[in-house]
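**Q** Just passing along the structure, written as structure tokens.
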Amino acid sequence: MITQRNYVAPMLVLAFLLSAGIAQAGDSLNLAQKAALFEHDMDARFVYEGQLPPKLKVPTPDRGFIAYNMPDNAYMTGMYVGMLSMQYAVTKDPAVRAKASKGLEALNLLCTVSGIPGLLVRAAMPVDMPWDDGGNWRISKDGNYRWLGDVSSDQMDGVFYGYSLAYDLVANDEEKKVIAKNVGDLTDYLLENERRIIGFDGKPTQWGSYYAKYVQGWEKLNALIMLQHLKVAHHVTGEERFARAYRKIAIDEKYATFALKARRTGPPERSNYSDDVLLALAYYPLLRLEKDPELRTLYLDSYRRSWEGSGGNPGFKAQLNPYHNFMAATFLDDNSQVNAAIESLRVFPLDMKMNRDTIAGYQKQFGFSFDPAPVSPKPEAGQTVPLDHRKKQWSAWVHTPYSTGERIEDSGMEYQALDYLMAYWLGRWKGYIPAD
């Protein structure tokens, strides 16, 4: 069975932070306090064996236990490990280091539990863990885990993002060896199968294609993601064969040129904002690691196009997404949206993630105030909607930023706040958010 971690340290940190009593509209939490609360909630109710599911199903009369919606666990766990890596780079806190190690153990399980070297899975859980989730689950060869297949390039994108940050910021020598082995296997599996993810049944997965005709004619985003995979593979393994494959695919096969238009154009109402998250996960390792002037210029041009917008579609810059805003300040030297990023985190509503009874329980436990009424001005038609005017959702960044919504009723689903924490710790790591 799953063993619960000791949550005393995060609770003490949160209690200490709340003792400062810095009042703000909406809630009485400053950015650090809100991060501490969201981290405590994530640790206490979501993370199991280092793995992070995106959605929690509250108990019902017919199901007396917490269950999870888990098709995106690999993606989420990769981002979670990346967030913890940034947090550790800032704090050097051994407790954060311990959580990152558990996250790396979870990623190792997701990379190996299928029994096929290089075949990632979407989620895995102990067979004796109560569960209630759909999909085609299989039992591992050792009989200890059930796992969910049909993995996509989205999941790979998140895993490589997390591994790239963990390798440089938090992993010890043994963990670096595991990262290098898993990244090498995942990348080899793609290359050996003509840049397709081949599932357990021997067939290509639905959303696991990276071959040239596909990326050129349909999904240029996957050209960028493929380059992310290869760049990270060379970085963590040091193997020149990955460097050769990277340059061949980037330059000779023009994937870096295809990636100039990785973000699709068109009216905002037809945009896929989850793709904008995938773009950020792919851009970050490429822009952090690439030193070749020609390729770096192409990636910066691609990122600038995504940031500023094109073809009638406003770019990241218009979305009030603090992660995008801190990235642009880091790589494009565009600090124009840093204050907007901090304001978005300030007004980030607790009830976008939690039911009201959960918030009330934390108010009683930690002694803060919360008012669900928006504090930002109501946006005019066509304007980007401040976060406190948006509906409850599992990720603030994968839904349209141009739609308002109510958060009045509690629901059968609650969400962890990795979206807040990723942006907060990127801002802290890069110095845009002060410690207090």
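The values are calculated or read from the model by the stated rules, or taken from the named source; none is laboratory data. Remember, it's a predicted structure, so these values are computed and weren't measured experimentally. Every residue, glycine among them, receives a Cβ derived from its backbone with ideal geometry; neighbour counts consider all protein chains shown.
**Q** Would you point out which residue out of D157, D168 is at negative phi, under 19 Å from the mean Cα position of the chain (by Cα), surrounded by fewer than 18 Cβ atoms within 10 Å (Cβ to Cβ) and not in a loop (DSSP other than H, G, I, E, B)? Explain how you work it out, then say what you get.
**A** Values: D157 fails: surrounded by fewer than 18 Cβ atoms within 10 Å (Cβ to Cβ).
Only one candidate passes the filter, namely D168.
**Q** Let me ask something else. Can you name every residue in the range 177-218 that is within 11 Å of S153 (Cα to Cα), outside any helix (DSSP H, G or I) and not small (G, A, S)? First the steps, then the outcome.
**A** Within the range 177-218, the first condition is being within 11 Å of S153 (Cα to Cα), and the residues that meet it are 190, 195-197, 205-210.
Still in the running and outside any helix (DSSP H, G or I): 195-197, 205-210.
Matches in the range 177-218: R195, R196, I197, T205, Q206, W207, Y210.
**Q** Within the group V90, V81, which residue is of a type in the set (V, I, T), modelled with pLDDT of 95 or more and more than 14 Å from the chain's Cα centre (by Cα)?
**A** On the way: V81 fails: more than 14 Å from the chain's Cα centre (by Cα).
From the options V90, V81, the qualifying one is V90.
**Q** Among the numbered criteria (1) under 17 Å from G50 (Cα atoms); (2) in contact with a strand residue (DSSP E or B) (Cβ under 9 Å, 6 or more places away or on another chain); (3) surrounded by 17 or more Cβ atoms within 10 Å (Cβ to Cβ), which one does N144 miss?
**A** Here N144 clears every test but (3).
**Q** Exactly one condition in (1) farther than 26 Å from S152 by Cα; (2) out of contact with any Asp or Glu (no Cβ under 9 Å at 6 or more places or on another chain) is not met by K317; state its number.
**A** (2)
**Q** Continuing with this model, one more query. Quick one: which residue in A256, A212 is of a type in the set (A, V, I, L, M), out of contact with any strand residue (DSSP E or B) (no Cβ under 7 Å at 6 or more places or on another chain), modelled with pLDDT of 95 or more and surrounded by 20 or more Cβ atoms within 10 Å (Cβ to Cβ)?
**A** Working: A212 fails: surrounded by 20 or more Cβ atoms within 10 Å (Cβ to Cβ).
The unique qualifying residue is A256.
**Q** Quick one: which residue in V90, V81 is surrounded by fewer than 23 Cβ atoms within 10 Å (Cβ to Cβ) and within 17 Å of M422 (Cα to Cα)? Write out each step before concluding.
**A** Numbers: V81 fails: surrounded by fewer than 23 Cβ atoms within 10 Å (Cβ to Cβ).
Just one listed residue meets the conditions, V90.
**Q** Something else: Go through the range 217-245 and give me each residue that's more than 22 Å from S164 (Cα to Cα) and surrounded by fewer than 16 Cβ atoms within 10 Å (Cβ to Cβ).
**A** Within the range 217-245, G217, W218 qualify.
**Q** Same structure, new question: Looking only at the range 344-369, filter to residues that are touching a residue at least 12 places away in the same chain (Cβ under 8 Å) and in contact with a Pro (Cβ under 9 Å, 6 or more places away or on another chain); which one of those is surrounded by the most Cβ atoms within 10 Å (Cβ to Cβ)?
**A** Looking at the filtered set, the residue picked out is F348.
**Q** Can you name the residue in the range 52-78 that is over 14 Å from the mean Cα position of the chain (by Cα) and among the small types (G, A, S) and is also surrounded by the fewest Cβ atoms within 10 Å (Cβ to Cβ) among such residues?
**A** G64
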